[in-house]
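K.L.:
Structure in structure tokens, see below.
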Amino acid sequence: MWFDLSLTQWLVLIGCSLLIGMAKAGIQGTGLMMVPIMAYVFGGRPSTGLVLPMLIFADIFAVRYYNRHAKWGHIVRLIPWAAAGVLVGVFVGARVSEAAFKTIMAVIIFIGIAVMIWRDLRKLESLPDQRWTAPLTGASGGFATMMGNAAGPIMSLYLLAMRLPKLNFIGTAAWFFFLINVFKVPFHVLSWKTISLQSLALNLAMAPALIGGLYRGIKIVKVIPEKAYRVLVIVTTTAAAAFLLR
């Protein structure tokens, strides 16, 4: 029973709901931080289905707010490759053990952290937009988001290659993640069976925390020093991912 949770599980779920809301409000890296924490407490595969509806709920807010800034040409170009990556993730995730699933999640998270650090050290503002950029980042991002809802750093690299102004960047990302997250739902329901009426009811109970995270994130992003925040996210996420390998 999803509602038969311990106090620790409730606290983790509420905290991660806040983190999801903060991530969608623009605090980069926060979404990646909650992935290994949820996987450690609730299990790798079950946690992906538990988190997905909350991501979609937060995506709706982001889409409504930044809708007019989305660049649909870029989204259409990327979605087919990401969908292919999702399908590969569905196949792999349905056939590996829980231990192997957690290991794959940890590896994906470590790659995401490496990408974040590389971007920070190189101070990247743009990337060359080659023919292979969309297929490679789309497929790898689709696989990462299906296996662990952890495609943020990978997809940010592609969005950098688009050389979009800030609001167009955010609006395009909002629509991309909303569409690909909705695409994942049937596979969680029918193949992995990680989304049920009970888990959706639990998601609904987390709505206040999610909304609180959205509004809190808007305020926090204005006052937290960027460098200190990035170090905190990287250290915390790395430690949490390391626990998945135990």
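The values are calculated or read from the model by the stated rules, or taken from the named source; none is laboratory data. Just so it is clear, the model here is predicted, and its values are computed rather than measured. We place every Cβ from the backbone using ideal geometry, glycine too, and count neighbours over all the protein chains shown.
K.L.:
What's the number of the only condition in (1) in contact (Cβ under 8 Å) with a residue 40 or more places away in the chain; (2) over 30 Å from residue 169 (Cβ atoms); (3) not β-branched (Val, Ile, Thr) that residue 99 fails to meet?
P.N.:
For residue 99, the failing item is (1).
K.L.:
From 174, 201, 228, which residue is at pLDDT 85 or above, over 18 Å from residue 134 (Cα atoms) and in a helix (DSSP H, G or I)?
P.N.:
201
K.L.:
Which of the following residues is on the phi > 0 side of the Ramachandran plot and at pLDDT 90 or above: 123, 184, 193?
P.N.:
None of the others qualify; the one that does is 193.
K.L.:
Kindly evaluate residue 21 against the criterion of being of a type outside the set (S, T, N, Q) and buried (at least 23 other Cβ atoms within 10 Å of the Cβ).
P.N.:
It is true that residue 21 is of a type outside the set (S, T, N, Q) and buried (at least 23 other Cβ atoms within 10 Å of the Cβ).
K.L.:
Further question: Can you find a residue that is over 19 Å from residue 188 (Cα atoms) and either buried (at least 21 other Cβ atoms within 10 Å of the Cβ) or of a type in the set (Lys, Arg) (or both) anywhere in region 37-47?
P.N.:
yes
K.L.:
Same structure again: Quick one: would you say residue 91 is within 19 Å of residue 52 (Cβ to Cβ) and surrounded by fewer than 19 Cβ atoms within 10 Å (Cβ to Cβ)?
P.N.:
Yes, satisfied.
K.L.:
When you look at residue 217, is it modelled with pLDDT under 80, surrounded by 20 or more Cβ atoms within 10 Å (Cβ to Cβ) and either closer than 19 Å to residue 51 by Cβ or in contact with a Ser or Thr (Cβ under 9 Å, 6 or more places away or on another chain) (or both), yes or no?
P.N.:
yes
K.L.:
Residue 85: at pLDDT 95 or above, in a helix (DSSP H, G or I) and within 16 Å of the chain's Cα centre (by Cα), yes or no?
P.N.:
Yes; evaluated as a whole, the condition is true for this residue.
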